[in-house]
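Only the coordinates and a few stated rules stand behind these numbers; no lab work does. Here the structure is a predicted model, which is why all the values come from computation and not from measurement. No Cβ is skipped: glycine too gets one built from the backbone with ideal geometry, and neighbour counts run over all protein chains shown.
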């Protein structure tokens, strides 16, 4: 069946992994403390953060214990309790872990927005991306984004790219509000949102587990093998070095 929708990951697919990890993450980590001084989380968000923090207490990872065990106590999980004052340090910890956590992604997007608007950040996308998006649109294929970053952060990457504002090439954006990227139901939710049979959607990613989840519901899949991408386990999907 003819492809009518391109569903595109960002990191390692349309933008270099290095841009995300060497520019965006350090910028968010540098500014998160000052940003959160004036930011007010909703009660629901506070509860969500507390539950995630308490999961980490239970897991007892050494780096977490070193950061949050109370001074003068043994580094044991039973010496740690959650408070709102710990959120900046906790979010810095989650950035280091590249944790796909909704409240963190939301805050990162807001911090990056300030960076983009001030001119401190310009996003890097691969040079073949604008032509690919333009050609697809001219052929009647809709382009959509699915990334673990917030929708706000996704839009900013394409709005403030070094190659110009690319937003007009996209129809819609999806983040983990539809579900995790390695979960089959997430792709079912996207297909439902697009009102499209899965086999009319082609998903582009650099991660095999995401490809498997999308393919499990019938989506066509392409793996991108960009410079700096992580090695993947053996698979049967087509591999493109570029668009």
Sequence ranges 35-48, 108-121, 162-175, ranked by mean other-Cβ count within 10 angstrom, highest first: 108-121, 162-175, 35-48
Among 58, 176, 185: highest mean-square fluctuation, GNM of the chain, C-alpha pairs under 10 Å: 58
In Å, descending, principal axis extents of the Cα set of the chain: 64, 40, 34
Where N is the number of residues in segment 23-118, Cα Rg divided by 2.2 N^0.38 Å: 1.10
Counting DSSP beta bridges with both ends in the chain, the antiparallel % (nearest 5): 5
Of 139, 212, 96, the one that fluctuates the most in a GNM where the chain has Cα springs shorter than 10 Å: 139
10 Å-binned pair-distance histogram of segment 1-66 (Cα, whole percent): 15, 22, 37, 18, 7, 1
Descending semi-axes in whole angstrom, ellipsoid equivalent of segment 128-226, from the Cα gyration tensor: 21, 15, 13
Pair residue 235, residue 25: separation of 7 Å Cα→Cβ label points (nm): 2.0
